[in-house]
């Protein structure tokens, strides 16, 4: 990465509870000392099993959740240091697109008011006519038309609703858009259309994307770099080509082996992990993956491995990690 990063997340943690029945003595560590940086205009994907902390991390980036500790530096400014008025102004430059297009749009508002809300909140459009013109422009950018402006969300399909959410997300010309599972609630036939739309908007507007996803096919298509999370930690971080071709961490290898391959002549040999993901209220000692790891040794039960460079641009948190192409049946 050349130059100052657009987003620099430094040892960010989120702990819920800390006593009684909620989380035991230490609380529930939803995210534990996560660090990564993003350049202007790039796409970074956070992937992992449900409950690994990727959505919590994304929501902390846009300050929908406050971190328990750590720093989130956006465009040179520590967001945690901002007061309410300063944070409101900073939010012009980062926005979020939510996972569920059916729950994220108010059913009582017309599309003009839904897409125009950030424009009104930040005083961008001074008259109703200006607002309408800008909303029409945004709708056309996401593949909808001016005829949709006075309709309600229930009059649209899921894919169209997600386009409306994207239009709202880009209304203020942000530098960063956080997309939380942006296509997981859509039919497969619609997913590719929305992914292509996101990429077209990135090319035209220079937006950086932080994508939360569990579908590795989507990640492989849209991301430039990928961070793999397990039980609140990043266990591997690399560019997508390196990660998919030669994953280092045993968890990443198992994750990729489980992904469907769109080739009838080729099928990944499945790496099956034993046991279940431990509770974030009772994180294992040492490496948190060791109870399920096929290569775990004594040190793994005692020493928590740091996220260190294993190759240029490729970091991994494992004592015995080694690059391994996914075997094919």
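Coordinate-derived values only; no laboratory data. Just so you know, these numbers come straight off a predicted model, no measurement behind them. Cβ coordinates were reconstructed from backbone atoms using ideal geometry, including for glycine residues, and neighbour counts include every protein chain displayed.
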Share antiparallel - DSSP beta bridges, the chain, percent rounded to 5: 60
Separation between Cα centres of region 42-84 and region 202-252, rounded to whole Å: 16
Quarter of Cα convex hull surface for region 158-209, i.e. mean projection, nm²: 3.2
Area projected by the alpha carbon convex hull of region 111-192, averaged over all directions, nm²: 5.6
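Which of the peptides 290-298, 79-87 is most tightly packed, and how do the rest follow, going by the mean number of other Cβ atoms within 10 Å of each residue?
290-298, 79-87
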Estimated 222 nm signal from helices in the chain, with DSSP H stretches of n ≥ 4 weighted -39500 (n - 2.57), rounded to 500: -8500 deg cm²/dmol
Per-selection Rg to Rh, region 91-159 - Cα, Kirkwood hydrodynamic radius: 0.94
Mean Cβ neighbour count within 10 Å, used as a protection proxy, ranking 59-69, 116-126 highest first: 59-69, 116-126
Neighbour-count order for 302, 54, fewest beta carbons within 10 angstrom listed first: 302, 54
Estimated inter-spin distance, residue 84 and residue 261, nm [label 7 Å along Cα→Cβ]: 5.6
GNM flexibility winner over the chain from 301, 225, 92 (Cα, springs under 10 Å): 301
Dimensions (Å) - region 187-289, Cα atoms, principal axes, largest first: 47, 36, 27
Spacing of the two label points (7 Å from each Cα toward its C-beta) at residue 279 and residue 16, in nm: 1.3
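Inverting the mean 1/r over all pairs of different Cα atoms, compute the Kirkwood radius of the chain and quote it in Å.
21.1
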P(r) weight above 27 Å for region 91-241, C-alpha pairs, percent: 22
Solution diffusion estimate, µm²/s, Stokes-Einstein, region 1-135, Kirkwood Rh from C-alpha pairs, 25 °C, viscosity 0.890 mPa s: 142
